[in-house]
1. If each residue of separation counts as 0.36 nm, what is the full-extension length gain between ASP396 and LEU492 once their alpha-carbon separation is subtracted?
2. So if each residue of separation counts as 0.36 nm, and I subtract the Cα-Cα distance between THR120 and CYS102, what length gain in nm does that give?
3. How large is the accessible surface per residue of the stretch 325-532, computed with a 1.4 Å probe and reported in Å² as a whole number?
4. Taking the alpha-carbon set of the stretch 325-532, what are its Rg and Dmax in Å?
5. Could you name the aspartates and glutamates whose alpha carbon sits less than 14 Å from that of LYS311, not counting residues in the same chain fewer than 8 places away?
6. If you find the alpha carbon centre of the stretch 163-194 and of the stretch 460-506, how far apart are they in angstrom?
7. Only Lys, Arg, Asp and Glu count, each charged at its Cβ (+1, +1, -1, -1), so figure out the dipole size of the stretch 325-532 about its Cα centre, rounded to 20 debye.
8. Once Rh is set to the Kirkwood radius over Cα pairs, what Stokes-Einstein translational diffusion coefficient, in µm²/s, holds for the stretch 143-184 at a temperature of 25 °C and a viscosity of 0.890 mPa s?
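The values are calculated or read from the model by the stated rules, or taken from the named source; none is laboratory data. Bear in mind that the values here come from a model prediction, so they are computed numbers and not experimental data. No Cβ is skipped: glycine too gets one built from the backbone with ideal geometry, and neighbour counts run over all protein chains shown. SASA here: full protein model, heavy atoms, side chains in, ligands and nucleic acids out. Shrake-Rupley method; radii C 1.70, N 1.55, O 1.52, S 1.80 Å.
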Amino acid sequence: MPSFDEVLKEAGEFGRFQKRVFFLLCQTGITFSFLFTSVVFLGQAPGNYWCRIPGAAKLSEQCGWSLEEERNFTVLPLHLGNGSSSGECERLDVTWDASVSCAHPLAHYGNGSVGNLPLTQCHDNWVYKQPHSSIVSEYNLVCGNAWMLDLSQAILNLGFLTGAFTLGYAADRYGRILIYLLSCLGVGICGIIVAFAPNFTVFLIFRFLQGVFGKGTWMTCYVIVTEIVGSDQRIVGIVIQMFFTLGIMILPGIAYLVPTWQGIQLAISLPNFLFLLYYWAVPESPRWLLTRKKGEKALKIMHNIAKHNGKYLSPHYSEITISNEEVSNPSFLDLVRTPQMRRNTLILMYAWFTSALVYQGLVMRLGIVGGNLYLDFFISGAVELPAALLILVTIDRIGRRLPFGIGNIVAGIACLITAFLPEDIPWLKTTVATLGRLGITMAFEIVYLVNTELYPTTLRNFGVSLCSSLCDLGGIIAPFLLFRLAAIWLELPLLIFSILAVVCGLLVLLLPETKGISLPETVEDVEQLSSHFGKCGKKRKHRDTNSYI
């Protein structure tokens with residue numbers, strides 16, 4: 001009786017059907033990148049704002065002042081009296097009422113000397129020239145509240161972390177496509193609520209939930225694509241991440257054309273509803289169906305794949321081999337119970353953490369150095385394309401491990417060199433740091449593929465989700481690590497990044513090579529993999545199997 005990989009080869013490993021499903025699911029990478037990086041535009045600092053004196057709004061209406069005239073009467077005298085004050089986070093400690101002159105509202109305070117007037121901190125009475133341009137102006141995330149903008153991104157990463165555990169588990173138990181569709185619906189609904197959140201608390205709650213569902217769409221679509229193609233075609237997972245980069249390059253165009261943060265939020269959330277149409281276009285993973293003892297449904301999907309690919313399944317393909325490995329609800333213990341699984345899991349968790357920490361750290365360090373925000377952001381995304389191209393060129397020729405390790409080591413060495421380059425040659429520092437960015441981007445993209453290939457079907461979605469949760473932990477830690485260490489010495493974060501990346505590069509060389517091998521179906525298959533490519537060939541030891549009609 002044929003195995004699933006034999007049936008897949010007969011039906012077509014990457015035919016018209018898989019190409020269509022692949023292209024459809026790639027769009028998820030674009031929308032997920034919108035969610036992942038949108039805070040850059042949702043949280044733009046307001047260009048011009050100041051703290052309003054109590055009673056100024058009513059007096060401004062009575063006197064017929066424009067906003068600019070009101071600002072001149074409040075901020076300009078403050079600046080003249082106290083040159084260190086810009087009027088953004090503090091104001092004159094006075095109150096205006098009907099007795100105040102429209103022509104000289106400060107005339108009867110301080111005996112004509114503004115410098116003698118007391119100052120007080122501003123708490124909730126800011127005026128913005130563009131009050132709805134970003135969440136900063138919408139929810140007053142300025143001055144003492146500025147840390148709340150960082151909180152909003154941390155909350156999103158916490159959502160990613162939660163989604164990795166909950167929806168990764170659900171996809172292994174209830175099916176890939178069901179969880180994918182529910183996640184798309186959740187991202188869309190939560191995105192709309194975020195856009196119209198009446199206060200910052202509601203904004204944070206539903207941004208967290210959007211992160212939960214967003215992680216569900218990204219991880220599940222990746223697993224679906226990997227499970228319906230042949231072993232020689234699994235680099236399509238790298239191409240999915242190129243669509244993530246494409247989303248990074250598209251987002252500044254959306255932000256440039258849409259003037260308000262609510263409009264941007266809707267523009268990046270509503271497309272998720274279109275993915276619900278995939279119910280009629282993307283099937284359940286036949287590999288998953290076999291592990292749930294639903295061989296008849298799996299075989300029906302395989303016949304459909306063969307038909308669309310212009311192939312014909314032989315009559316003896318009425319049964320497909322499935323493992324007699326007991327299917328149970330996955331847990332962390334399943335990932336560390338056996339030696340090879342334990343080694344794979346621990347190394348992959350560290351690789352995810354390091355990739356996210358170093359990647360986001362380098363992005364924030366290079367950052368957007370003044371200039372045109374939209375153009376700079378576009379260029380920062382374009383920098384990632386060469387990394388994906390290098391992977392596509394090398395990964396099927398020399399395997400996964402070597403590019404994976406070299407990418408980390410190059411990133412680590414580049415960080416170390418950048419830290420000690422003199423400041424008077426900034427172009428060289430930028431160039432070497434960019435080389436580090438390319439290296440860690442390669443590592444970040446390869447870890448997705450390797451993680452998928454090193455877990456059996458029964459644990460694949462849960463394993464990928466659990467290990468990738470360390471990516472979200474790294475994303476939460478990165479800004480705090482960067483800015484706190486930089487306060488001690490500007491280049492100190494680069495030394496930490498260097499150590500983490502080089503250690504990661506050495507550890508991943510201990511992983512089994514997965515180039516050209518079939519996806520493991522059971523834990524036994526994983527244990528038979530060797531860290532030496534010559535011993536991890538396509539043939540496996542015989543094991544008892546059953547057929548499901």
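1. 30.9 nm
2. Once the chain is fully extended between THR120 and CYS102, it gains 4.2 nm.
3. 38 Å²
4. Considering the stretch 325-532 through its Cα atoms, Rg and Dmax are 18.1, 64 Å.
5. GLU6, GLU10, GLU13
6. So the two Cα centres are separated by 26 Å.
7. The calculation lands at about 420 debye.
8. 207 µm²/s
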